[in-house]
Every structure is written in C-alpha cells, then in structure tokens.
1. Rounded to whole Å, give me the distance from the Cα center of the stretch 239-316 to that of the stretch 432-493.
2. Any idea what diffusion coefficient the stretch 517-676 gets from Stokes-Einstein, in µm²/s, Kirkwood Rh on alpha carbon pairs, 20 °C, 1.002 mPa s?
3. Which ³J(HN,Hα) values in Hz, rounded to whole numbers, follow from the phi angles of the stretch 391-407 under the Karplus curve 6.51 cos²θ - 1.76 cosθ + 1.60, where θ = phi - 60° and Gly and Pro get x?
4. How tilted is helix 2-30 with respect to the longest principal axis of the chain? Cα atoms for both, answer in degrees (0 to 90, nearest 10).
5. Give the lysines reachable from K363 as a straight Cα distance under 27 Å; neighbours fewer than 8 places away on the same chain don't count.
6. Just to verify a number: FRET efficiency for D526 and F396, C-beta to C-beta distance, R0 = 35 Å, to 0.05?
7. G246's amide H: which non-local residues (gap 5+, or another chain) put their own amide H closer than 5 Å, with H modeled 1.01 Å from N in plane and none for Pro or chain starts?
8. Given H placed 1.01 Å from N in the peptide plane, which residues other than close sequence neighbours of L324 have an amide H under 5 Å from its amide H?
Amino acid sequence: MGRRLVSRVFYFFLLFSFSGVSSGIAVGQASSPSGSQARQLTISGEVTDPSGAAVANARVMLTNNQSQIEQRATTNGAGLYSFPSLPAGSYTLIVEANGFARYEQANVAIAGQNLALNIALKLSSSSQSVTVRDDYQSLQEVAAIDKTGTKLEDLPASVQVISKQVLTEQGATMLSQGISNASGVNYGGQDSKGYYDHFLIRGLNAQIYSDGFSDGDQLGGISHSLNGVEAVEILEGPGSALFGSGAPGGTIDIVHYTPSSEFQYGGSVQGGSFGTITNNDYITGPTGVEGLDYRVDATFSHSDGFRELWSHDYEVRPALEWRLGNHTVEFATDIRQIHETPDSYGLIYFNGAPITNVPIDSKYSTPFAWAHEGFVRPTVTDTWKVNGFLTINNRFSFLHRTLDSLANGDSTRTKVSGGEVVGRQLRQQGDTDDSVDYQFEPVWNFSTGTVHHTLLTGFEYLRQTMATQRDTADLPNIPDAFAPVPPETSLAGLTFLCDSTHSCDDDHLSANYFSLYATDQIDVTDRLKVRTGMREDWFGTSLTPLITVPGRVDSEGQPIVGGVTYTRNDAPVSWNAGALYKISSNVIPYFGVSTSHLANFNSENTQNGIGAPEAALQYEAGIKFPLFNNRVALDTAVFDVIRNNVATPVTLNGVEAVVFDSQRTRGFEASFDSRVTDHWDLSANVTYQDPVITDNPQGITSIGNRPQGAPAHMANLWSTYRFSIAGVSGFRAGAGLNYMGRTFSDITNVNHIPYYVIGNAMFGYTKSPWSIDLNVDNFTSDRYFLAANAAGAYVGNPIAAYVRVTWNLCSHE
C-alpha cells in the first residue's frame, strides 16, 4: 500500500512538474510588453580575471535600490551574464568568484537603453570575502551548514565541502561513491547491508541532512543519489548546538541547486559495467511571472549489479523560487522511488575474516531478497531580508518515507559450523516515517564598538511518527560453505515467527522535539574570531508496542507489554565554543569544544525500549593554511571525542539485543585541496584515529576493543590534469587511490575485514556544450570489502568501467 501511494504521488508530481514548466515557458513566450507598458531593459556583460580571461561560475547579484528586489545569475563558460526584463532605475551590482576579491558597484543607472557592463575582477587577499563554490575547496568558501554565512577560514571547526565538479570527475552518481573526498569519513557501521547509507565520521555515527532538514530515522534510512546536488558539506564532530538531536561523529548536509533566472537545460547519460545506466536531466529558468523562477532535476538509474544486486532509482525534484520584495520564497518537492537488493551476509566470516577459496560472487544471502523505499518531501523556505541588520528565515518540511524489505537478519548466530552455514534467518519488514519540521531563525548582523557579530537565533519544532512491523523466519542451512547455494527459492515452506530469537515487533513510535538556540560568530578583530553557541532541547518520546513479543525486555530486564505506552522526557543542553587567531594570512590556528545529544529513538534501537539520550564531548585543535592566493587549502586537526550511552547491537545467547556502552576516539586528520596550476588540481586527505570501547555496563568483554566499522587509518588521493592534444584543447585525465584500514564486525572484535587499497582513473574531453568521460574504478580489480556486518563482509566491486556523455545548454550559447 505504501509503495502504491508513493508511486502515484511520484508520477503525479512528475507530470505536474514538467507540465508546469512547459506552461511557464509558454507564459513567458506569450507575454510581450504592450506599447503602453514601460520599456524592459537589460544589463549584461562579461566577467574576466586580471589577465582578461573569462571567469566562469561567478555569482552575479543585481538589486533594485528602490524596491530592494534581488536577482541572481551565474556566468557561463565564456564569463557572460545577463539580467533581462528590467525596469529603468538605479541598481547595485555585486560579483563574487572563488579566488577573487568581491566586486560591488552601487548606483548602476539604466534608462532608455540596455547597458553593457564588463567586470574585471582582482585577485583576493585573505581578508576579502569570496563565497562562490569551485571545483576545488578554498578556505574562502561559505558553507550553508554553518548557518551564519562565515568563510571556512574564519570557523574554529573542521568543515569540508565536496563540490559537484569533483564528484562528476570521479563518475559518482551516489553519495556513497564520493564521501571519501572528505577526511575522517567512511562508509560502514551498524547494518550496512547495501540498501541505505550509513557513514562514520571520526569513528562515530554521522547524521545526514538535505538542505538543512534531517532525513528522518537515523538507522532505517535511504540511499542518496546526487540528483540536483550542488555540493556535499560536512561538519565534523558534535553539531547539536546547531542541529539539535544529532550523532556525535558529525553532520552531512546535501545541498541542492536553486532555480536560476536564466534559461538553461542539460543532462547526462552514463552506462557501463554490470548493466548500469544512469540518466540525469535538469531544466531551469524564468516562468514569465516577474521574480518567479523554476528548476526541475530528474534522474533514472538501473543496474543489474555485481553479485546480482540489482537496483532501480526514479527521482524528480521540482523547485520554484519567487523573489517578492525583500522576501525570497522557495518551494521544492523531493520525490524518490528506490528499489535495491540487500546483501546482509556478503561473504560469510570464517576463522575471523571473510571466507576465502570461494569466488568473489559467491552468495550466502537469500537470492530473492528485496528492499523498496519511498520518499516524498515538500519544503517551503522564506528568506526575509528585513534590513541590513536582520534577516529572518522561516523553513518548513514534511517528510513521508516508507521502507518495505525482505532481507536476511544480520547477527553473529549466522556462521560456518561443520562446513555448513547455519543460523540463517529471513526478516520481512515494513516501516513508515512521517516528520514535520518547522525552523524559525532570525540572523542578526550588528557591531558592539569595533566588534562585529553575526548572531543566529532560533526555534525549532520537529514531530516524528513511525510505525514498524517485522517478523522473522528460520532458513535451511547452506550445506557447503565453500560452494554455497542458498536452498530457499521462494517464501513457500517458510514460517515467520515472533519471539525473542526471531526479530519481531509491531510498534508505533512518536516524538516531539522543541528547541531554542543561539550561535554568535564574533569578529573581535581582523585576526581574532570567536564562536559560541548553546541550544536547549526538549525530547518527548514514546513507544507503543501493539503486540507482546515473548522474551522482549527493556534495558532493566522488565517485560515490554503490548498495548502499554512507554514514554521518556529529556531536556539536554548542548553547546560549543571556539576561537581562532590569524598569525598571518597563511597560518590560522584554532581550538574548539563542542557537545551533542542524540535521542536513542529509531526503529532499530527501541527493540529494548527507549534509552536515555546519547551524549558526546569533543575537544578539537587545528591549523588552517590558506596558501598561494587561496589556490591551496591545507586543513589539519587533532581531536578527542568521548561518547556515552551508545546504543550498540549485539547477539547475546542467540538473542539480538541493544546494549549501551561508552566510546572514545582520539586522532589526527589532514585535508589538502589545491589548484596547483591552471591545468592541475590535486586533493588528498589522511586520518589516523584510535576509536575504542571504554565502558560496557552489561559486562560484555569489549573494553579496549574497536567499535563496529571504525578503521584506525584512512587516506585518499585524487588528481586531474587538463591538457591539449595536437593543439586541440579540452582533454583531461584523472586518477586516485583509496586506502581503508581494517574494521571489525561488532564490539567483540572476533571478526574483521582486511585493509584495502584501490585505484581509480578517468579520461575525458569537453567541447562546449558537450563532454564525454570514461571512468575506470578499481583498475587493478582487487578483492576488497566495504563494510563489516555482523555475519559477513559487504563486498566491493571488481574492475568496472563507465562512459558518461554530458550536455549543458543555455539561452545565450
């Protein structure tokens, strides 16, 4: 039922979006000015660097000085911009581009005829603000995840930005394929079964957001494509002072493109190994209604999959942006239908590691397993620039998400015994998650004497309701672990049970989160920057089991009874504080302390009732090095994170349970992003960390062991070079390496997956508006594993090749 509803909504919005776009274009074509109307004029021009070369992707903002209506454009590959259909009057023009000083010209007068205004940008110094994204990270960038509009070099914290350009060069179509571009981040952790994203940052769980809104249930999540994605931003360490209930490892925010006032369209088709084909398309421009622009991003993908792990993904994201006086209102709807194949067992463990002497495509999981996920989220945001002193952000989101799956249970009871694979189970599950999120955030810009403040204040209300149903069947043993053939071919003959040894529930969960918060970014001087923040949250959570599951008990050993509502109320206070000092324009040391609280409330962790919130405390110190006119960004950090009351899945005496332990991670990380020359880009990162279990009140022998999925070492490298052949420009080549240290399958550390090093490469050619790229992943075809699950290791792909053709067209090309 849930899938049919989402399917209908999906196709309705797909039809609505494209018919709306067509109508908008038709309106724009039909409404020509009459003789009685005022003449509509144009301001256009070219943006160049000091040498006279075109500056692409510069952000151009034009504000009517009387009405305060703001329009925005982005320069194309030739450095051109245009603002058509303007009334006569006085305007202010602002141009920003990465690596260049901010350009502003007030009192640009236009009357009677069109105005050609060419802009020559100057190279920036460290004190000048530049906010545009580029295809390499600059410490002059401004990330939305910070919420105060502060440059990365002025933040006393570790924030990283992965641009769409880098993701495209690497052939990434999913978030999981590009996350290694940030230091300290890895795929893995609890229940990494291949049909939703789980990431760790600094060895601790991470929370995923889209445009500042949480994706809902932290564990029963979704896989994230890069449909309409402009950048991926990562705040490392506790972020509750900004985001409320959140994981201690950090926050990953997926930032989407917004509508443009300039008509553009484009797309790409990528195909290759394992029957994979992915199509992405977008169209954006003015609707014909003054100040109202649209954008639609859509994607379709299909893959037969390595190891027969097939998948389908259908997504559309229509968006409207309306500039009404001092208000900028954006409406967007994110609609997705995702079909994936779980692989809970991967390659089963034998003698403490993934089984060897079997083909890499050997299957231990049920061959007819499946997972279907539906996702519908409309959002409305209003940015109200009251004056130069105050901006008020009103943001609203409604999320409806479904998960229906038939997948193998993942526990240490599944193992090799006497040459057989025993303890296999199959779980059927149906979850729904409905969330309403409202955020009210006034941002104040003011000075006290010579000290400037950017003060974020806010109130947030989040209501989340979930329903989850599941039961479990025992499966026959696989007779030969070294020549595996799963005996089951259908559900016929399987009996689904509900007791302490068969994962089962029929629960309704609800939560109300209220929050008040403030964060002050303080420019004490040009050199000294201070940041403080505090947030109080009120968590009200409840669990109502509709059935009594024999043997199901809470963390105190008391039975959980059907029909009884169990509640919990908490009021944690989270805070952060930090400072940095610019010793010089190239050396910026910083120090920060931050805390977080995470409600132990999701469809997995409540199997033993609602636990107390998880709490974390992080100390971090580092040095940022913006070098060579911001062509090089080197960011280093040492950190110490303490994490208490961590919900951790274990199997005790054949029973799957959740225990609460404490963990600590100490480590060092460094990231390097550079435009070495105008033709050569290079990025690299390295992480050394020591994540350990520090306490386990349940008495499990685990103190000193490693948490599930947390490696001790990680390193990644990517480089691209643009060049000419026989005088023909537009060629590029790239290559990179990914290294991941070994990780463990649970807190007992009995089973592990080995470290790996894989290499990737690309070669491409661009002749505007077309480009073609060849990507080869794991070019040595090494055997490696992405995640250590409880029963087996999730297998990485062997050598794979993909070809992508991309086109981007706009009105003046």
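1. After rounding, the separation between the Cα centres reads 19 Å.
2. Translational D for this selection: 112 µm²/s.
3. Working through the residues one at a time gives 10, 10, 10, 10, 9, 9, 9, 10, 10, 10, 9, 10, 9, 10, 8, 10, 9 Hz.
4. Here the helix axis deviates by roughly 10 degrees.
5. K193, K415
6. Given R0 = 35 Å and the Cβ-Cβ separation, E is 0.40.
7. So G246 has HN proximity to H597, L598, A599.
8. V329
The values are calculated or read from the model by the stated rules, or taken from the named source; none is laboratory data. These numbers come from a predicted model, not from an experiment. For neighbour counting, all protein chains shown are included, and Cβ atoms are generated from backbone atoms with ideal geometry for every residue, glycine included. The protein model used for the area step is the full one, side chains on, heavy atoms only, and it has no ligands, DNA or RNA in it. Shrake-Rupley method; radii C 1.70, N 1.55, O 1.52, S 1.80 Å.
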